[in-house]
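Worksheet: one structure, shown below.
The values are calculated or read from the model by the stated rules, or taken from the named source; none is laboratory data. Values in this document were obtained by computation on a predicted structure and should not be read as measured data. Cβ placement follows ideal geometry from the backbone for every residue including glycine, while neighbour counts extend to all protein chains displayed. SASA here: full protein model, heavy atoms, side chains in, ligands and nucleic acids out. Shrake-Rupley method; radii C 1.70, N 1.55, O 1.52, S 1.80 Å.
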Amino acid sequence: QVQLVESGGGLVLAGGSLRVSCAASGRPFSSYGMGWFRQAPGKEREFVAAISRSGGSTIYEDSVKGRFTISRDNAKNTVYLQMNSLKPEDTAVYHCAATPLFLSLQPDAYDYWGQGTQVTVSS
């Protein structure tokens, strides 16, 4: 079992920045690829970014490329999502998730999920 707890969400003005974190406990953190997903009210959950076990490989959803950066610190069992140039359409609950795969943008590939943290971007 892996337990994931997100933090760092909040309210920010459009154009601003926010960093959300996800702390993991349980099985060795470095055994899992990690991903961030988001879900806005009335919308499907969508992939945002993912990072490989070592942190050497990352993938991003097209709308966040160049604005968001995923990173991880395996010594701290934590994965981060740095979000810059935020837009109102980035408003959503952001969830981190863990997969035994190298990398995936498919929600079904992820075995463990956090409860999420709310990010609200006002215009």
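Quick notes on this one:
- Of all residues in the stretch 78-87 being farther than 12 Å from TRP36 by Cβ and of a type outside the set (A, V, I, L, M), the one that is most open to solvent (accessible area, probe 1.4 Å): LYS87
- Restricting attention to the stretch 104-123, the residues that are within 29 Å of GLY15 (Cβ to Cβ) and assigned to a loop (DSSP other than H, G, I, E, B) add up to 5.
Let's see how each residue does on (1) over 19 Å from SER104 (Cα atoms); (2) of a type in the set (S, T, N, Q):
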residue	(1), (2)
SER7	yes, yes
ALA23	yes, no
ARG45	no, no
GLU61	no, no
LYS65	no, no
GLU89	yes, no
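- Boolean, LEU86 is closer than 18 Å to VAL121 by Cα, touching a residue at least 12 places away in the same chain (Cβ under 8 Å) and either in a loop (DSSP other than H, G, I, E, B) or over 14 Å from the mean Cα position of the chain (by Cα) (or both): yes
- Residues in the stretch 34-67 that are within 15 Å of the chain's Cα centre (by Cα), within 26 Å of GLN1 (Cα to Cα) and polar (S, T, N, Q) were compared, and the one that is most open to solvent (accessible area, probe 1.4 Å) is GLN39.
- The listed residue being at pLDDT below 95, in contact with a helix residue (DSSP H, G or I) (Cβ under 7 Å, 6 or more places away or on another chain), open to solvent by 10 Å² or more (accessible area, probe 1.4 Å) and of a type in the set (Ser, Thr, Tyr), out of SER123, SER31, SER25: SER123
- Positions within the stretch 68-77 being acidic (Asp, Glu) and open to solvent by less than 10 Å² (accessible area, probe 1.4 Å), in sequence order: none
- Summed over the stretch 99-113, the residues that are open to solvent by 90 Å² or more (accessible area, probe 1.4 Å) and in contact with an Asp or Glu (Cβ under 7 Å, 6 or more places away or on another chain) give a count of 0.
- Boolean, ASP90 is open to solvent by less than 50 Å² (accessible area, probe 1.4 Å) and among the acidic types (Asp, Glu): yes
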